[in-house]
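Below: one structure, written as structure tokens.
The values are calculated or read from the model by the stated rules, or taken from the named source; none is laboratory data. Predicted model, so just to flag it, every value in this text is computed and none were measured. Using ideal geometry, Cβ is built from the backbone for each residue, glycine included, and neighbour counts are taken over all protein chains shown.
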Amino acid sequence: MGNVSPTPRELLTESLIFWSIGIVLYIGRMISRIIATGSIKRLYFEDYVMTVTFLIYTSLLTLIQVSSHYATNLMDPADYNQVLGDPQQVHDRIIGSKIVIGLEQCMLFSTWGVKTCMLTLFWRLTKNLRLHLYVKIVAIYVAVGFVVIMVTYYAVYCRPFSQYWAMPVEDMQCATYQNYSITQAVFNISSDAAMLAVPIPLLIKAHMKKTKKVLLVCIMSLGVFTIVAAILNKVFNFASPLTTTYQIWYIREASTAIYVANLVCLWPLMRKIFGFVSTQPGSDPNRAQAGQPNKGVSRSAGTAGDSQSRSSTFLERDRLFRGFGERRTIERVNDSGGIEKVNGHHAVALELSKARANCDLEAGGSHNSQVL
């Protein structure tokens, strides 16, 4: 693109393509959440944040289209005499400069909205882990960055504020936004890099199929492109300060961030589409099928199937506890009435033994209550 601003058609084409993918992923996210929670009334806080963020993102793309039809006070000083001699050009450039203010705010809010959405998800996933402290630190850093950017934009870099749309502009910072761009880039890129470090230990320790783990790694790797887009956005902004090439990269950066935040929540919907959903949430479809009585089968056989399904459920819970049992303890009441802490594996074994006993008794069998 060089020193040539993108045409309105180029901006429109990119906006339509990226927004179309974004709306599909957003709708898929909401459907997936409803499947996972069982009701639209049980959506998580980050789902509402994403809804507001997507509306702001849509406004960003709309303002970019409107802005492409207007010039701004960003122009070569050699053209001042010609432009200032035409009142219509002056009027149009003032309107275009005001549109850019709204455009910049939409970009800032959509970018930080995605950060809020992801941090809320990480906050919940790491609540009982040591990694939670790191998430808290990143969240504070993101909040501080947002405040610093807003304060410097409105009260520091361009004074008085009306200089953002002044014709002619007295301070070129009010037209090029270079100091603002540096501040925004520092907090935006550094916070994105810090957030990318959160899911890495979670994926390493997670007990899941390799295919799902690889899929999640691929999704998270899109966050790297978000950082690259943010860097290229500023590179073009500094290399071609008198063009609007940065708007192309605004579209790409904001869109990729939206994609990542929505893709990480699509797993329940993907399981539903490809037939991997069982009759009970969180259970294996083979177990659900084994535990479901068929027509013509006696009631005792059905009860035995139910007990087998329940045993499988407790076996599954046992495997989940084994992943965290080394660092956690479980309290139980001992025979003397006091509270004692036992190793997570022993506690699970006790509960599993009791569960098997109940299942066998319900099936008409016998069980010797023996601690494993």
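Checked against (1) of a type outside the set (D, E, K, R); (2) farther than 30 Å from LEU129 by Cα; (3) surrounded by fewer than 20 Cβ atoms within 10 Å (Cβ to Cβ), MET208 meets all criteria but (2).
Can you spot a residue in the stretch 106-117 that is over 20 Å from ILE258 (Cα atoms) and either in a loop (DSSP other than H, G, I, E, B) or of a type in the set (A, V, I, L, M) (or both)? So far as the stretch 106-117 goes, no, none of its residues is over 20 Å from ILE258 (Cα atoms) and either in a loop (DSSP other than H, G, I, E, B) or of a type in the set (A, V, I, L, M) (or both).
Let me confirm something: among LEU43, LEU103, which residue is touching a residue at least 12 places away in the same chain (Cβ under 8 Å), surrounded by fewer than 20 Cβ atoms within 10 Å (Cβ to Cβ) and either not assigned by TED's automatic domain parsing to the domain that holds ALA166 or not aromatic (Phe, Trp, Tyr) (or both)? The match here is LEU43.
Take the conditions closer than 21 Å to GLN178 by Cβ and part of a helix (DSSP H, G or I) and apply them to VAL142. Does it pass? Against the criterion (closer than 21 Å to GLN178 by Cβ and part of a helix (DSSP H, G or I)), VAL142 does not qualify. Where helices (runs of 4 or more DSSP H) fall entirely within the stretch 166-208, those with at least 1 residues that are at pLDDT 85 or above, touching a helix residue (DSSP H, G or I) at 6+ places or on another chain (Cβ under 8 Å) and under 19 Å from LYS98 (Cβ atoms) are at 173-176, 178-196. All of THR116, THR51 fail the test of being surrounded by 15 or more Cβ atoms within 10 Å (Cβ to Cβ), free of Cβ contacts under 8 Å to residues at least 60 places away in the same chain and farther than 24 Å from GLN178 by Cβ, apart from THR51.
Listed conditions (1) surrounded by fewer than 14 Cβ atoms within 10 Å (Cβ to Cβ); (2) modelled with pLDDT under 90; (3) assigned to a helix (DSSP H, G or I) are all met by ILE35, apart from (1). Within the stretch 239-252, the set of residues being among the hydrophobic types (A, V, I, L, M, F, W, C) and in contact with a helix residue (DSSP H, G or I) (Cβ under 7 Å, 6 or more places away or on another chain) comprises ILE248, TRP249, ILE251. Note on the stretch 1-12: residues that are crowded, with 18+ Cβ neighbours inside 10 Å and among the aliphatic types (A, V, I, L, M) amount to 1. GLN88 fulfils the conditions (1) outside any helix (DSSP H, G or I); (2) without any contact (Cβ under 8 Å) to a residue 12 or more places away in the chain except for a single criterion, (1).
Taking the condition of a type in the set (S, T, N, Q), within 21 Å of ALA261 (Cβ to Cβ) and touching an Asp or Glu at 6+ places or on another chain (Cβ under 6 Å), does THR120 pass? Yes, satisfied. Of all residues in the stretch 141-169, those that are in the same structural domain as GLY102 (by TED's automatic domain parsing) have Cβ atoms under 8 Å from Cβ atoms of residues that are among the acidic types (Asp, Glu), 6 or more apart or on another chain, in TYR153/GLU104; CYS158/ASP171; GLN163/GLU170; GLN163/ASP171. Do we find a residue being buried (at least 17 other Cβ atoms within 10 Å of the Cβ), without any contact (Cβ under 8 Å) to a residue 24 or more places away in the chain and in a helix (DSSP H, G or I) anywhere in the stretch 13-28? No; the residues of the stretch 13-28 include none that is buried (at least 17 other Cβ atoms within 10 Å of the Cβ), without any contact (Cβ under 8 Å) to a residue 24 or more places away in the chain and in a helix (DSSP H, G or I).
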